[in-house]
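Below are the structure tokens for one structure; questions will follow.
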Amino acid sequence: MHLGFRGLRGGIFILFLLLFGASCQNFSTQVFGSNKQDSLSIIDDMEHVLKHEPLLLDKWDSLRRNQLIFTVDTINPISINNQKRKLKDSLRREFNKHPKHVFLTFDDGPLVGSFAIDSLAKAKNVKVSAFLVGRHENMGNARKRDVQRYKANPLVACYNHSYTHGYNKFANFYSDVKASYDDFVKNENVLDLKHKIARLPGRNIWIYDDVRVIDLKSGAKTADTLFTNGYKIYGWDVEWRINSVTGVPVQPLVQTVNKMRNFMNNKSSQTPNNVVLLMHDDMFQTKNGRKLLANLIDSLKKENYKFEFMEDYPIKY
Ligand SMILES: [Zn+2]
């Protein structure tokens with residue numbers, strides 16, 4: 001490993017190796033190639049590194065996972081935490097130059113309310129993601145038509161939310177890993193789903209690429225089994241609830257949009273510039289609920305967010 005500390009004079013440099021990752025070799029050579037280590041030159045060098053690393057999100061990941069090398073100049077000491085903070089700020093500024101992405105996800109359809117989601121996706125020309133429950137399709141011809149409309153709409157992506165939804169008894173559902181896994185397979189077959197993208201009922205679990213985030217242990221084994229069998233499992237970042245009967249929002253629209261914006265810009269988020277919003281199809285069965293969804297989409301458009309399908313998560317630069 002050649003670190004290339006050329007021209008170092010007047011300081012003893014201590015190398016801190018924090019779980020050295022292959023992708024960060026540039027970082028050490030570029031950032032600390034100068035013997036003038038005031039905060040300004042470090043930021044300049046970071047900007048240089050940013051241009052040479054292939055993916056911004058990979059750099060962000062390396063930082064979050066402590067996989068970067070930092071050095072300390074004992075004459076002009078800058079703490080590692082300070083350096084990390086400066087790098088994070090610097091990365092955040094880079095992310096701000098890129099588009100930001102929202103993933104509108106609707107669970108438990110087909111239900112009364114699915115029709116409104118389908119229509120609004122078309123009217124507003126935005127992509128939405130539907131996590132479907134096959135058992136609901138058998139509750140009548142109207143629900144069958146909901147699924148047909150979703151599938152015929154190129155702005156709606158249909159994904160797997162299990163066939164039975166565990167009959168809402170989640171601990172019991174996940175206690176039998178094979179049965180719960182089979183329930184997802186059944187859903188895939190019954191609904192003829194094209195993507196191996198799933199969300200677990202009652203659980204905010206993420207398993208994709210090398211990410212594995214578990215909220216409740218019950219369900220983790222089912223999620224792992226799905227992942228082993230080619231599925232990506234996605235949870236959510238922000239949830240919005242509207243009383244399905246009255247159409248009164250549990251969280252005001254403005255608060256939800258603010259939360260999404262804050263999450264998007266969060267300096268410690270797992271995936272900067274990407275926010276997954278969870279909603280449920282039955283929230284949009286009243287006129288008021290439908291109006292709120294239209295307003296939400298308009299508000300997000302005003303922020304210049306791009307609307308994405310869950311299968312494309314996360315959008316990387
Ligand atoms: Zn659900």
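For every residue, the table says whether it meets (1) in the same structural domain as TYR234 (by TED's automatic domain parsing); (2) in contact (Cβ under 8 Å) with a residue 60 or more places away in the chain; (3) closer than 30 Å to LYS124 by Cβ.
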{"residue": "ALA152", "(1), (2), (3)": "yes, no, yes"}
{"residue": "ALA157", "(1), (2), (3)": "yes, yes, yes"}
{"residue": "ASN160", "(1), (2), (3)": "yes, yes, yes"}
{"residue": "TYR163", "(1), (2), (3)": "yes, no, no"}
{"residue": "GLY166", "(1), (2), (3)": "yes, no, no"}
{"residue": "ASN172", "(1), (2), (3)": "yes, no, no"}
{"residue": "PHE184", "(1), (2), (3)": "yes, no, no"}
{"residue": "ASP192", "(1), (2), (3)": "yes, no, yes"}
{"residue": "ILE197", "(1), (2), (3)": "yes, yes, yes"}
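Being modelled with pLDDT of 95 or more, crowded, with 19+ Cβ neighbours inside 10 Å and within 16 Å of the ligand (Cβ to nearest atom), is that true of even one residue in the stretch 119-126?
No.
So which of LYS267, LYS259, LYS291, LYS301 is surrounded by fewer than 18 Cβ atoms within 10 Å (Cβ to Cβ), over 13 Å from the mean Cα position of the chain (by Cα) and in a loop (DSSP other than H, G, I, E, B)?
Numbers: LYS259 fails: in a loop (DSSP other than H, G, I, E, B); LYS291 fails: in a loop (DSSP other than H, G, I, E, B); LYS301 fails: in a loop (DSSP other than H, G, I, E, B).
Going through LYS267, LYS259, LYS291, LYS301 in turn, just one is surrounded by fewer than 18 Cβ atoms within 10 Å (Cβ to Cβ), over 13 Å from the mean Cα position of the chain (by Cα) and in a loop (DSSP other than H, G, I, E, B): LYS267.
Of all residues in the stretch 148-161, which are within 16 Å of the ligand (Cβ to nearest atom) and open to solvent by 10 Å² or more (accessible area, probe 1.4 Å)?
If the condition is that a residue be within 16 Å of the ligand (Cβ to nearest atom) and open to solvent by 10 Å² or more (accessible area, probe 1.4 Å), then CYS158 is the only one that fits.
Something else now. If you take the residues in the stretch 129-143 that are under 24 Å from LYS287 (Cβ atoms) and away from the ligand (no atom under 16 Å from the Cβ), which one is modelled with the lowest pLDDT?
Across the stretch 129-143, the extreme among qualifying residues is GLY140.
Here's a follow-up. Can you tell me how many residues in the stretch 191-232 are loosely packed, with under 15 Cβ neighbours inside 10 Å and closer than 20 Å to LEU132 by Cβ? Break it down stepwise before answering.
Start the filter on the stretch 191-232 by keeping residues that are loosely packed, with under 15 Cβ neighbours inside 10 Å, which leaves 192, 194, 209-213, 215-217, 228-230.
Going one step further and asking which of them are closer than 20 Å to LEU132 by Cβ, we end up with 192, 194, 229-230.
Count: 4.
Regarding the stretch 272-282, can at least one residue be identified that is assigned to a helix (DSSP H, G or I), over 13 Å from the mean Cα position of the chain (by Cα) and touching a residue at least 24 places away in the same chain (Cβ under 8 Å)?
Taking the stretch 272-282 first, the residues assigned to a helix (DSSP H, G or I) are 281-282.
Those still in the list that are over 13 Å from the mean Cα position of the chain (by Cα) too: 281-282.
From the residues that got through so far, the ones that are touching a residue at least 24 places away in the same chain (Cβ under 8 Å) too are 281-282.
Looking through the stretch 272-282, at least one residue is assigned to a helix (DSSP H, G or I), over 13 Å from the mean Cα position of the chain (by Cα) and touching a residue at least 24 places away in the same chain (Cβ under 8 Å).
Is it the case that the stretch 162-181 has a residue that's under 20 Å from PHE103 (Cβ atoms), of a type in the set (Gly, Ala, Ser) and more than 12 Å from the ligand (Cβ to nearest atom)? Before you say what the answer is, go through the steps one by one.
Of the stretch 162-181, the ones under 20 Å from PHE103 (Cβ atoms) are 162.
Of the ones still in play, those that are also of a type in the set (Gly, Ala, Ser) are 162.
Checking which are more than 12 Å from the ligand (Cβ to nearest atom) leaves us with none.
No, the stretch 162-181 contains no residue that is under 20 Å from PHE103 (Cβ atoms), of a type in the set (Gly, Ala, Ser) and more than 12 Å from the ligand (Cβ to nearest atom).
Right, next: Just checking, which of TYR163, TYR174 is of a type in the set (Ser, Thr, Tyr), closer than 11 Å to GLY219 by Cβ and in contact with a Gly (Cβ under 6 Å, 6 or more places away or on another chain)? Spell out how you get there, then give the answer.
On the way: TYR163 fails: closer than 11 Å to GLY219 by Cβ.
Going through TYR163, TYR174 in turn, the sole match is TYR174.
The values are calculated or read from the model by the stated rules, or taken from the named source; none is laboratory data. The structure displayed is predicted, hence computed values, not measured ones. Using ideal geometry, Cβ is built from the backbone for each residue, glycine included, and neighbour counts are taken over all protein chains shown. Quick note on the areas: whole protein, heavy atoms, side chains included, nothing else; ligands and nucleic acids left out. Shrake-Rupley method; radii C 1.70, N 1.55, O 1.52, S 1.80 Å.
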